[in-house]
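Single-structure report; data block below.
The values are calculated or read from the model by the stated rules, or taken from the named source; none is laboratory data. Keep in mind that what you see is a predicted model, and the values were worked out from it rather than measured. Positions of Cβ are backbone-derived with ideal geometry, glycine not excepted, and every protein chain shown enters the neighbour counts.
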Amino acid sequence: MVPDIKLDWALHLVEAGLRITHVQLLAAADSMVAGVEGPLKLPPEHTASLLQLAMNCSRPETAAAAARRLPGALEPEFARKLLVTAATRQHAEVVQGMMQRAAVLQHVDAPTLEPVLCGMIKDGGHAGFVSTLCDLPAAAQFEGD
């Protein structure tokens, strides 16, 4: 677990010689730790990790760039993880774009839809899209809740 520290403290630690490996950075992004972002160059076999890192970024432009680079076919677990990360970081436009892709939409289940709905509601101003999400088969589970 990466502790939540203020930027000025983090800068002091870096100036004192603290270094984080790309493996640690990617692990933090995979755990959806807020604020985990930065320039990183990795070989192509790390594409999934880079997409997750970009989706976890606080900058919506970075998440949107990652969404544009999603492959046509996605592993179900990876598709769900990216979607939940985008919703958690309140990248509403990215979530809406991802939900229009068959490669993502086909993998949306109730445990994925719940945080996506919460993220869209929390972000506000997306009533029409929230209504569309509620019409998905995965939302049927929520009718009694």
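Annotations
- Per-region count, segment 56-69, residues in contact with a Gly (Cβ under 8 Å, 6 or more places away or on another chain) and not in a helix (DSSP H, G or I): 1
- Test result for A10, surrounded by fewer than 18 Cβ atoms within 10 Å (Cβ to Cβ), more than 15 Å from the chain's Cα centre (by Cα) and either modelled with pLDDT of 65 or more or aromatic (F, W, Y) (or both): no
- In segment 84-99, the residues that are closer than 18 Å to G128 by Cβ form Cβ pairs under 6 Å with partners that are at pLDDT below 95 and charged (D, E, K, R), at six or more places apart or across chains, as follows: Q90/D123; A92/D123.
- Inside segment 74-98, residues that are among the aliphatic types (A, V, I, L, M) and more than 13 Å from the chain's Cα centre (by Cα) make up a count of 1.
- Unmet criterion (only one of (1) buried (at least 17 other Cβ atoms within 10 Å of the Cβ); (2) at pLDDT 70 or above; (3) of a type in the set (A, V, I, L, M); (4) over 22 Å from V130 (Cα atoms)) for V104: (4)
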